[in-house]
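Have a look at the structure below, then the notes.
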Amino acid sequence: MSRIAYVNGRYRPHGEAMVHVEDRGFQFSDGVYEVCEVRGGRLVDERRHMARLKRSLDALRIALPMSSAALSIVLRETVRRNRVRDGIVYLQVTRGAARRDHAFPPAGTAPGIVVTARTLDPGRGERLAAEGIAVITVPDNRWGRVDIKSVLPNVLAKQAAREQGAREAWFVDAQGFVTEGSSSNAWIVTPGGAVVTRPADHGILSGIARAVVLDTVAAQGLTLIERAFTAKEAQAAREAFVTAASQIVQPVVRIDGKPVGDGRPGPVATALRREFHRHAELS
Ligand code: PLP
């Protein structure tokens with residue numbers, strides 16, 4: 001089956017889906033994105049993803065290119081045309097195409113929008129969760145590497161993880177505290193059984209899966225502490241895990257080569273994964 005992408009008002013075969021060379025997403029990374037899980041053909045937590053999209057767009061002063069209702073239809077139609085039952089729908093909104101200039105383009109420049117959808121093998125996520133994943137730690141130099149004429153520290157961190165046989169990289173700030181993963185939020189379970197994650201301040205992306213897990217933690221009667229933790233504390237923790245819309249809860253069993261707990265997925269992460277969709281919204 002051929003894949004279909006939505007690009008600026010048209011559904012196009014994936015291989016022919018293009019944006020203009022002057023699109024500011026391509027030229028400047030001048031845009032925002034969302035990734036929403038698709039489960040049984042339905043969107044998971046669409047409301048919260050759309051609320052975050054609006055917050056991100058407002059912060060960058062980019063207009064939503066269509067009404068929320070129209071966008072919701074486009075997301076569903078892209079999922080339907082790609083026959084995705086379990087997978088992800090991806091959405092990118094940019095400041096549009098205009099003659100290259102760092103300053104904002106003239107008022108009235110239409111924002112750009114791209115939507116794609118992809119099937120993910122649910123069995124693969126389950127197999128990974130049964131084994132647990134390895135992470136590495138890297139300095140949180142996002143926005144710090146102003147010498148590089150580019151905006152891609154998250155990509156470099158993920159690649160470093162892959163090259164060291166890990167699936168994720170955890171950013172560590174100048175004080176030695178873990179901020180978040182390159183595309184996930186970071187969590188530990190302390191020896192006393194408390195679930196710990198960093199507060200969603202300006203230092204991390206406020207993950208939608210993170211919000212769902214906060215509700216799941218409360219429903220399970222677990223103790224939650226929102227505070228920063230160090231990589232060393234994480235290595236000595238009972239459990240560690242990551243959360244993201246595309247992977248819900250993934251147990252972390254190794255950090256920088258050292259096993260976490262007994263080196264196997266722990267009961268807290270496993271239960272949070274199992275209960276996750278009870279606390280997510282399907283639409
Ligand atoms: N942190 C970063 C830097 C991310 O890129 C992501 C997702 O891509 C997350 C956290 C997790 O966010 P969500 O749960 O909304 O997928």
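A few points about this structure:
- Close Lys pairs in the chain, defined as Cα atoms under 25 Å apart and 8 or more places apart or on different chains, number 4.
- Carbon and sulfur %, accessible surface of the range 1-149 computed with the full protein complex present, 1.4 Å: 54 percent
- When only alpha carbons are used to place a centre, the range 29-70 and the range 134-183 end up 25 Å from one another.
- When all protein chains stay in place and ligands, DNA and RNA are ignored, the 1.4 Å accessible-area order of Tyr33, Tyr6, largest first, is Tyr33, Tyr6.
- Note on surface exposure: Glu37, Glu22, Glu281 rank Glu281, Glu22, Glu37 by accessible area, highest first, 1.4 Å probe.
- Helix-only mean residue ellipticity at 222 nm for the chain, each DSSP H run of n ≥ 4 adding -39500 (n - 2.57), per residue, nearest 500: -9000 deg cm²/dmol
- Difference of contour (0.36 nm per residue) and Cα-Cα distance, Arg81 to Ala103: 4.2 nm
- The range 89-188 - share of DSSP beta bridges that are antiparallel (%, nearest 5): 60 percent
- Subtracting the Cα-Cα distance of Ile225 and Ala63 from 0.36 nm times their residue separation leaves 54.7 nm of extension gain.
- Charged side chains reduced to their Cβ positions (Lys and Arg at +1, Asp and Glu at -1) give the range 171-259 a dipole of some 200 debye around its Cα centre.
- Positive-pole candidate from Ser206, Val32, Gly132, dipole of the chain, charges at beta carbon: Val32
- Note that the range 162-171 has calculated 3J(HN,Hα) couplings of 4, 5, 9, x, 10, 9, 8, 10, 9, 6 Hz, one per residue in order, obtained from phi through the Karplus relation 6.51 cos²θ - 1.76 cosθ + 1.60 (θ = phi - 60°); glycine and proline are x.
- Inter-label distance for Met1 and Asn154, nm, one decimal - labels placed 7 Å from Cα along Cα-to-Cβ: 2.8 nm
- Prolate/oblate/rounded label for the range 1-106 (Cα gyration tensor, a/c 1.5): oblate
- Summarising the amide proton neighbourhood of Ser183: residues at separation of 5 or more, or on other chains, whose placed amide H is nearer than 5 Å comprise Ala169.
- Whether the range 44-173 is rounded, prolate or oblate, judged on the alpha carbon gyration tensor where a/c under 1.5 counts as rounded: oblate
- Each residue of the range 189-277 gets 94 Å³ once the volume of the Cα convex hull is shared out per residue.
- Summarising the overall dimensions of the range 1-59 from its C-alpha atoms, the Rg and Dmax are 14.0, 38 angstrom.
- Size of charge dipole - the range 50-176 - debye, nearest 20, with Cβ of Lys, Arg +1 and Asp, Glu -1, no other charges: 540 debye
- Antiparallel DSSP beta bridges within the chain, percent to nearest 5: 80 percent
- Computed FRET value (nearest 0.05) for Asp121 with Glu163, which takes r as the C-beta separation and R₀ as 25 Å: 0.55
- Look at the dipole of the chain built from charges on Cβ: of Gly87, Gln250, Thr179, the Cα furthest out on the positive end belongs to Gly87.
- In the chain, the C-alpha radius of gyration followed by the widest Cα-Cα span (Dmax) gives 19.4, 58 angstrom.
- Cα gyration tensor, the range 61-115 - rounded (a/c under 1.5), prolate or oblate: prolate
The values are calculated or read from the model by the stated rules, or taken from the named source; none is laboratory data. These numbers come from a predicted model, not from an experiment. Counting neighbours? That spans all protein chains shown, and the Cβs are built from the backbone with ideal geometry, glycine included. Just so you know, the surface numbers come from the protein's heavy atoms only, side chains and all, with ligands and any DNA or RNA stripped out. Shrake-Rupley method; radii C 1.70, N 1.55, O 1.52, S 1.80 Å.
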